[in-house]
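Since the structure comes first, as C-alpha cells, the remarks are kept for the end.
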Amino acid sequence: MKRSSLASLAWGLAPFVLTLITSSLILLFAGADPLEALGQILGGAFESTRKLADVIVALVPLLLCAAGMLITFAAGLWNIGVEGQMIAGALATTWVALGVKAPVYVMLPLTIIAGMAGGILWGALIGLLRSYGKVNEIFAGLGLNFCATALTNFLIFGPWKPPDGATMSGTDPFPQEAWMPIIGNTRASMIPLAIAIIAIIAVYFLLRDSYWGLKLKAIGQNAQAAQRMGINTRGNLILALAACGALAGLAGSVQTTAVYHRLIPSISGGYGYLSQLVVLLSGLRAEWVPLVVFFFSVIQVGSPRLELRMQLDSSLGGVLQSSVVLFFLLVRGLRQKLERKEG
Amino acid sequence: MANTLIIETIRSVLAASSPLVFAALGETLTERAGVVNLSLDGTILLSAMAGFVVALLSGSLMLGFAAAMVVGAAVALIIAYASIALKQNQAAVGFVLTLLCADLSSFLGQPFVRVPGPSVPHWPIPGLADIPLIGPILFNGDALVYTSYAAIIVIWWWIAKTQPGLKLRSIGERPEAAHSRGVPVNRLRYIYTAVGGALVGLGGAAYSLSVKLGWSHRHTAGMGWIALAIVIFGGWSPFRVAFGAYLFGFLKSLGSILQPVYPNVPTQIFQAAPFALMIVALLLVSGDFTERVLDYLPPKLRPIIASLLRGSPPAALGKPFEPQ
C-alpha cells in the first residue's frame, strides 16, 4: 500500500479509535468494564436472527430521514425538524388507518400517501416560517417538534383513545389491513426496506444529476448569488423542506404500520435527530449513508442490553454515536489544518 | 390578601426564571463575540447533572456550582476550538454536542435519578427584605436569584460601558477592523465563549440546585433551545434578553395558574405552548410582519416599539475570522 493511502486509512479510523478510548474512560468512570459493555452492545445486535431483523427495522427510518436530510443539507438548511416531520407522517397515517375501511392493497398505499402528505405539510410549514417569516429553520423545526409531540399525546389521550381508556402504550392496534407484511416471526418488513433503499438511491441521483439538485446546491453555496441568477430561493427552500418532509413522513408512517401497528407517544423514537448525525458522519454524501446507517442501527439495537445485563443506562449508545461524529468533525478539521500548513 | 398573592407570584416568577437568565446572558456574551454555541440544551442538562452530583457527593454547594461552570466552559471551548482553530461548522459541532451532552447526562446521572440532595437555602436579605412591595419581590429569594440580578447589570455595563466591552462588540461586528487595531480577535473569542459557557453551566446548576431540585432523565430538556431563542428575541442586548427570560417565566407560570381554572383545555396545549410561543416570538422580531404593524402605529410610538422588538445579530456572528 502506498504511504498516502495508509495515511488516509489512519485518518479515517481515527474518529473510531478516539471514540473507543473516550467511551472506555467514561465507562471506567461509571465503574463498569468497557470491554464487557462494548461486547454487550455488539452481542445485543447480533445474538439472534430476531435481533438482526431489528437492525433492519432500525435501518428503515434512518435511511429515509437521512435521504430527506441530504436534500435540505444540499440547500444549506439545518433541518432539525425531521423528528416532527416523522411524527406528522405517523399522525396522518394513524388517521387513515383508524378511520378508513379498505382492503389491504388499497389500505397500505393509502397509509403511505397519508404519511408522506403529513410530512410534506410539516416540512412546508417550516419552509414557510423560514422563507416568509424569517424564522431560522433550526428554531422553527425544533419548536414544531415539540408541538408535534404534544399533538400526539393529545390525540392518544383524547380523540383517539382506546375504548377501555387511554394509556402510554398508545392507540388501539390498527386493523390488519393496515399492517405491513413481516418476515417470519421477526419485526422486519420487506416493503419499507425496499422503499428506503430506493429513496436513498433516488436522492443520490437527484442531487448528482438533476437540474433541481443543481439549483438546490447553488442556493446552499450562496443563496444571494443564486437569487441573482434567477433561482427562486424562497420557493425552492420550501420545496426542499417539503421533499424532506415526504421522506421523513414516510419513515413515521412505516413506524406505525410495520413496527408498532399503532400510534405510540414516542413514535419518532429520536430517529430524526439520529439521522442528522448520520448525514454529518457521511460527510453529506449519499454513497456513505448506508454504511453509517448500518453502524448506527447496530448500536441502537444492541445498547438496550446494557440495561438488562449490566444495569447501565442505554444512553451509552447515543454517547457512542454522537462521539464518533464529534471526533469525525474534529479529526477532519485537524487534517485540513495540517494540509493547509503543508500545502 | 390579593396583593400578597400577586407579590408572591411575581417573586416566584423572578426566582424560577433565574436559570434561563444565566443561560441566555451567557449565550448573549458568546454571540456578541461572534460565536454561536448551539449546544445549550445539552450543556444545561450535563451541567445540571454535574452540579447536583458534585454538590451531593462533596456536601458543598459551591463545589457543585463550580463543577457545573467548568462543564459549561469545557463544552463551549470544544465549540470554540472546532470553529476557530479547525474551521468546522459551528452549528454542526454545536448540534452534535447537544446530543452528546444530553446522552452523557442520562448515562452518568442514572445512579442519581430522584435521589434527594442539597439545595440553595432561602435567604431574605436582612433589612432590604422589609421594604414594602419591593422587598418581598426582589429581596426574598436565595443567593442565586440575587446573583442573577447582578449578572444582568454587570454584563450590560461590561458590554455597553467599558473598554473591553467595546472590543467585545468590535470582534462580533467587524473583526477585520478590530484586528487591524491590534485586538486579538480569536483569543477574545475563546475567552468569551468559555465565560458564556460557564454562565450557561451556572444556569444548569441553578435548575438542579434551586429551581427544579434534583436530577431526572432529560431534567431540563427544551430549556436550552428556549434560551437560544430568547437571545434572538432580546436582540442580543442584556436587559432585553433578561426581560425575555422573565416574560417567558411569567407566561409559563400563567399556564400553570390557568390550567386548573380551565380543566377542559387539554394539558398538551400547555406543554406545547412554550415552543409555539417561541416561534411566534421569533416571527415577531424577525419577520416582515412587524414592519407592517409598525406602519399602523402613531409616529411617536413607532421608534419606541421598534427599539423594543427589533434587533439585529452581530454582523460577524457564526463567521470564522482568519487574521491575514
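Computed from the coordinates by the stated procedures, all read-outs in this text should not be read as laboratory data. Worth saying up front: this structure is predicted, and the values here are computed from it rather than measured. Using ideal geometry, Cβ is built from the backbone for each residue, glycine included, and neighbour counts are taken over all protein chains shown.
Report, as an integer, the average count of C-beta atoms from other chains found within 10 Å of each Cβ along B:264-271.
Values: counts 0, 0, 8, 4, 11, 3, 1, 7.
Per-residue shielding by partner chains comes out at 4.
Amide H contacts under 5 Å for B:Asp142: B:Trp123, restricted to partners 5 or more places along the chain or on a different chain, H placed in the peptide plane at 1.01 Å from N. Each eigenvalue of the Cα gyration tensor of region B:118-275, multiplied by 5 and square-rooted, gives one semi-axis; in descending order these are 34, 22, 16 Å. Dipole orientation for the protein assembly as shown: of the candidates B:Leu199, B:Ala91, A:Ala258, B:Ala91 has the Cα lying most toward the positive pole (charges on Cβ; Lys, Arg +1; Asp, Glu -1).
Is there a quick way to get the dipole size of chain B? I mean about its Cα centre, with the Cβ of Lys and Arg at +1 and of Asp and Glu at -1; what is the value in debye to the nearest 20? Provide the component values of the computation, followed by the final result.
On the way: 20 positive and 13 negative charges, 107 e Å.
Its charge dipole is roughly 520 debye.
Mean 1/r over all different Cα pairs, inverted: what Kirkwood radius does the protein assembly as shown give, in Å? Mind dumping the intermediate values first?
Numbers: mean 1/r = 0.0382 Å⁻¹.
About 26.2 Å for the protein assembly as shown.
Relative to the 2.2 N^0.38 Å rule of thumb, region B:2-309 has a C-alpha radius of gyration ratio of 1.03. Computed over the alpha-carbon pairs of region B:236-324, the distance histogram in 5 Å steps reads 3, 10, 15, 16, 16, 14, 11, 8, 3, 2, 1, 0, 0 percent, short to long. Using the rule -39500 (n - 2.57) for each DSSP H run of four or more residues, divided by the residues of the protein assembly as shown, the 222 nm mean residue ellipticity is -24000 deg cm²/dmol.
How about B:Lys167: which aspartates and glutamates have a C-alpha closer than 16 Å to its C-alpha, ignoring those fewer than 8 places off in the same chain? Answer for B:Lys167, where 16 Å is the Cα cut-off: B:Glu31, B:Glu176, listed by chain and number.
Counting neighbouring beta carbons within 10 Å and listing from fewest to most, the residues B:Glu173, B:Glu27, A:Glu287 come out as A:Glu287, B:Glu173, B:Glu27. With one equal scatterer per alpha carbon and no solvent term, the Debye-computed log10 I(q)/I(0) for chain A at 0.08, 0.09, 0.13 1/Å reads -0.41, -0.52, -1.05.
Evaluating 6.51 cos²θ - 1.76 cosθ + 1.60 at θ = phi - 60° for every residue in region B:150-164, the Karplus couplings come out as 4, 4, 4, 5, 4, 5, 4, 4, 4, 5, 8, 10, 10, 5, x Hz, glycine and proline recorded as x.
Listed by chain and number, the lysines placed with their C-alpha closer than 26 angstrom to that of A:Lys161 are A:Lys101; residues fewer than eight positions away on the same chain are left out.
Taking the Cα centroid of region B:12-49 and of region B:128-200, what is the distance between the two, rounded to the nearest whole Å? Each part's Cα centre sits 13 Å from the other's.
Please give the average number of partner chain Cβ atoms lying within 10 Å of the Cβ of each residue in A:333-340, rounded to a whole number.
Numbers: counts 9, 4, 1, 3, 3, 0, 0, 1.
Average neighbour count from other chains, rounded to a whole number: 3.
Entry note, chain A: relative contact order of 34 percent, from Cα contacts under 8 Å with a spacing of 6+ residues. Note on B:88-99: average number of Cβ atoms from other chains within 10 Å of each residue's Cβ is 6. In whole angstrom, how far apart do the alpha carbon centroids of region A:237-303 and region A:92-146 sit? Each part reduced to its Cα centre gives a spacing of 15 Å.
Note on the protein assembly as shown: dipole from Cβ charges, positive end direction compared against A:Phe154, B:Thr30, A:Ile87; the farthest Cα belongs to B:Thr30. Neighbour counts of C-beta atoms inside 10 Å place B:Ile269, A:Ile264 in the sequence B:Ile269, A:Ile264, starting with the fewest. The H on the amide N of B:Val115, modeled in the peptide plane, is under 5 Å from the matching H of B:Trp215, each at least 5 residues off or on a different chain. Mind jotting down the distance between the C-alpha centroids of region B:76-113 and region B:208-286, whole Å? About 23 Å separates the Cα centre of region B:208-286 from the one of region B:76-113.
Based on Cα contacts under 8 Å between residues 6+ apart, region B:2-309 shows a relative contact order of 33 percent.
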